[in-house]
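See structure below.
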C-alpha cells in the first residue's frame, strides 16, 4: 500500500515539477508571444470556456463537436474491427484472405491515411470517419484475432460437457476470455482516434478543437494555441484514466493482482 | 482424417452399477481420457462393430443423462465467483433457479469450502480450486460423474488429503463414478471396481472388485498388499506385450 501511495505521490509531484519548470522558463524568457506562462494559459482556458470565441461559440461547443466525432468514428472502427478479427480467428477462410491485407493497412502511415480520406471524401464528417476507420479497424482486428486464437479450448469443452447452451457460452465463456483483448484494443484505439480526429480538424473540417487550434496557429497567437492544446490533452487524459481505466479495473476485479 | 483411421479404443466393455465407484487404471496414452471424453460427448466416436455407450438416467429412460465431469485441471471460469461457477452448470442443466442457493451451500459445505461463495477462483489454492470443481460436478446430481486424474496435478500431500475427503464426500453424495487414473494405490483406495487397461491395443485385461469396507484408511496394509499384487500383474501384462 505504501509503495502505491508513493507511486501516486511521485506522479502528481512530477506534474508539478513540470509546471514549475515551465513557469520559471516563461518568466526567464519574458516573451508571451513565444512561451506564455502556465497562469496565463489557465486564465485563457477559463475565459474560452465562458466567453464566445471567434466562431461565435464557447469552447464547450468545440469540445462537444470533437468528442462527438471521436465517439462515433471510434464506435464504428471498434465494431468493424471486432467483427473482422473474430471472423479471422474463428474461420480459416477469413484468416487466409485477410492476413495479407491487414499488414498493408497497418504499415500505411497514419497521416497519409488522413490525407487520402479527406481528399477522397472531402473536408467533412465522412472524411474524418473514413480516416479513423481506415487506421483503427485493422489494429482492433489484429487484437481480436489474437484473442480468438488464444481462447482456452479446455474451458469450452468444460462448458459443453455440462451442456451449456450457446447463449451461455457466448456470455460467460467467450466474452470474458476476449475482454482483455477488447480493452487493450479499446485503449490504444481510442488514443489514436482522437489524434486523427484532431488532425483532420486542423486540415480544415469545420469546428472542433483541432479547428480552433489551427485558427489561432494561423494568427500566431501563442497563448490560444497552447490553451487549446492543453485543454485537449487534459480532457483526453481524464477520459482515458478517469473513465476507461476505472471501467477496466471493475471488469477485471476477479484478477488477484489487478493494478493500474 | 486424410482417409486413414486412428483406432484408439477397441473391444472395451465395462459396466458401472448405480452408486458404484469404478476406476480405469492404465499407463499414459492408453486412451483412458479419450474414453471419458467420448462418454461426455466432447469427442466423437465412430464405431464399426456396433460399439455403444449408454448412460441410464435416474429420472427415466427418456431424458438425456446428466453427466458431471471433474478434469485434471479445475477448469473454473476465473471471472465468476465460486458460487457463480456452480450456478453456471446449474443454469446450463436447466435446474430450477429457486434450488440454486441450497445446492451451492450443500455441496460447498460437502467439499469443505463453506464461506467461499463470493471468492474468486484465482484467490484459491490449486487444491481448493479442484474442490470447487468437485462441488460443481456434484451439484447437478449427475447420473454419472466422470473424473479424469483429478488429483494428478496436486502435490502428494494435498492429493492424499483430497482422496480421503473424496471418499467421505462420496459416502454422503453416493454418485455413480467412472474414475480414470494411472495411480493404482489411488484406485484401490477409492474404488468398488477396477478395470485395468493396457496400451496398443487399448483393451481391458482385468477386472477386480474391491470389497474392503468403508471408510477405508490410506495406511491400511490390505490396500497396500492389493496395490502390490496389481502392480505386479500390470508389469506381467506389459512385458508379455513386448
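The values are calculated or read from the model by the stated rules, or taken from the named source; none is laboratory data. Keep in mind it's a predicted model, so treat the numbers as computed, not measured. No Cβ is skipped: glycine too gets one built from the backbone with ideal geometry, and neighbour counts run over all protein chains shown.
Here is how the numbers come out for the structure above:
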quantity	calculated
Residue satisfying all of: in the stretch A:130-156; within 14 Å of chain B (Cβ to nearest Cβ) and touching a helix residue (DSSP H, G or I) at 6+ places or on another chain (Cβ under 8 Å); modelled with the highest pLDDT among these	A:155
Condition check for residue B:58: over 19 Å from residue B:165 (Cβ atoms), away from chain A (no Cβ under 14 Å) and at pLDDT below 95	yes
Residue A:240, sole failed condition from (1) out of contact with any helix residue (DSSP H, G or I) (no Cβ under 8 Å at 6 or more places or on another chain); (2) under 21 Å from residue A:70 (Cβ atoms)	(1)
From the options A:151, A:158, residue that is crowded, with 22+ Cβ neighbours inside 10 Å and farther than 23 Å from residue A:210 by Cβ	A:158
Test: residue in the stretch A:231-241 that is over 15 Å from the mean Cα position of the chain (by Cα) and closer than 19 Å to residue A:124 by Cα	no
Sole exception among (1) within 14 Å of another protein chain (Cβ to nearest Cβ); (2) over 19 Å from the mean Cα position of the chain (by Cα) for residue A:183, by number	(2)
Odd one out for residue B:142 among (1) surrounded by fewer than 23 Cβ atoms within 10 Å (Cβ to Cβ); (2) assigned to a loop (DSSP other than H, G, I, E, B)	(1)
Residue, modelled with the lowest pLDDT, within the stretch B:43-55, restricted to residues that are within 14 Å of chain A (Cβ to nearest Cβ) and more than 27 Å from residue B:167 (Cα to Cα)	B:44
Filter pass, residue A:217 being part of a helix (DSSP H, G or I), over 16 Å from the mean Cα position of the chain (by Cα), more than 14 Å from every other protein chain (Cβ to nearest Cβ) and closer than 27 Å to residue A:19 by Cβ	yes
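Residues are listed down the side, and each one gets a yes or a no for (1) within 13 Å of chain A (Cβ to nearest Cβ); (2) at pLDDT 95 or above:
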{"position": "B:13", "(1), (2)": "no, no"}
{"position": "B:16", "(1), (2)": "no, no"}
{"position": "B:25", "(1), (2)": "no, no"}
{"position": "B:33", "(1), (2)": "yes, no"}
{"position": "B:41", "(1), (2)": "yes, no"}
{"position": "B:62", "(1), (2)": "no, no"}
{"position": "B:85", "(1), (2)": "yes, yes"}
{"position": "B:90", "(1), (2)": "yes, yes"}
{"position": "B:117", "(1), (2)": "no, no"}
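Each row is one residue, and each column tells you yes or no for (1) out of contact with any strand residue (DSSP E or B) (no Cβ under 9 Å at 6 or more places or on another chain); (2) modelled with pLDDT under 90; (3) part of a helix (DSSP H, G or I).
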| site | (1), (2), (3) |
| --- | --- |
| A:3 | yes, yes, yes |
| A:33 | yes, yes, no |
| A:43 | yes, no, yes |
| A:63 | yes, no, yes |
| A:71 | yes, no, yes |
